[in-house]
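Colleague: Sharing a structure with you now.
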Ligand code: FES
């Protein structure tokens, strides 16, 4: 009887861990972050934005009223890409990686790969991007900021 109970407990634990490994829980909660007034972005053509978690995002004007927010991390080896408006492309200087205006790799090592795309929305002339809430929570723990009340340890 005890052996049977032990086997059931062992197999149950094993399949529990296997299930969590095969089907990990995903935090799909997201939040919208204000980035810039669209009138300012239209004047600049593009800008770099750092999320609270430290991710860098390139936000570019594709045409008046049309915007795109892409991770500036090259999918090849992680260098920073930048927008070249005159050539209508994103460029990675590390190994001459080229991405089209949609962020799809067209030449160099990242050909066939894409820059991570951030959903964005415009409301009342203000541009927002959507980021995972988990990354916001991590950022808050990693960087206490100026306000001692935000410090996770409360040791200010
Ligand atoms: S890291 Fe961007 S092309 Fe190699």
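The values are calculated or read from the model by the stated rules, or taken from the named source; none is laboratory data. All figures in this text were calculated on a predicted structure; none of them were measured in a lab. Note that we place each Cβ from the backbone using ideal geometry, even for glycine, and neighbour counts take in every protein chain shown.
Colleague: State whether the residues of the stretch 134-143 include one that is modelled with pLDDT under 95 and in a loop (DSSP other than H, G, I, E, B).
Modeller: Among the residues of the stretch 134-143, at least one is modelled with pLDDT under 95 and in a loop (DSSP other than H, G, I, E, B), which makes the answer yes.
Colleague: I'd like to check something: does the stretch 65-77 contain any residue that is modelled with pLDDT under 90, in contact with a strand residue (DSSP E or B) (Cβ under 8 Å, 6 or more places away or on another chain), closer than 25 Å to residue 125 by Cβ and surrounded by 15 or more Cβ atoms within 10 Å (Cβ to Cβ)? Break it down stepwise before answering.
Modeller: From the stretch 65-77, those modelled with pLDDT under 90 are none; that's our starting set.
No, the stretch 65-77 contains no residue that is modelled with pLDDT under 90, in contact with a strand residue (DSSP E or B) (Cβ under 8 Å, 6 or more places away or on another chain), closer than 25 Å to residue 125 by Cβ and surrounded by 15 or more Cβ atoms within 10 Å (Cβ to Cβ).
Colleague: Same structure again: It is to be established whether one or more residues within the stretch 45-60 are at pLDDT 95 or above, part of a strand (DSSP E or B) and either out of contact with any helix residue (DSSP H, G or I) (no Cβ under 8 Å at 6 or more places or on another chain) or under 22 Å from residue 131 (Cα atoms) (or both).
Modeller: no
Colleague: Let me ask something additional. Scan the stretch 97-121 for residues that are more than 16 Å from the ligand (Cβ to nearest atom) and surrounded by 13 or more Cβ atoms within 10 Å (Cβ to Cβ) and jot them down.
Modeller: Listed by number, the residues that qualify are 101, 102, 117, 118, 120.
Colleague: On to the next question. Is one or more of the residues making up the stretch 69-76 more than 16 Å from the ligand (Cβ to nearest atom), in contact with a helix residue (DSSP H, G or I) (Cβ under 9 Å, 6 or more places away or on another chain) and within 25 Å of residue 31 (Cα to Cα)?
Modeller: Within the stretch 69-76, the subset more than 16 Å from the ligand (Cβ to nearest atom) is 69.
Next, from what is left, pick out any that are in contact with a helix residue (DSSP H, G or I) (Cβ under 9 Å, 6 or more places away or on another chain): none.
The answer is no; no qualifying residue exists.
Colleague: Go through the stretch 80-96 residue by residue and tally those that are on the phi > 0 side of the Ramachandran plot and within 10 Å of the ligand (Cβ to nearest atom).
Modeller: Looking only at that region, the number is 1.
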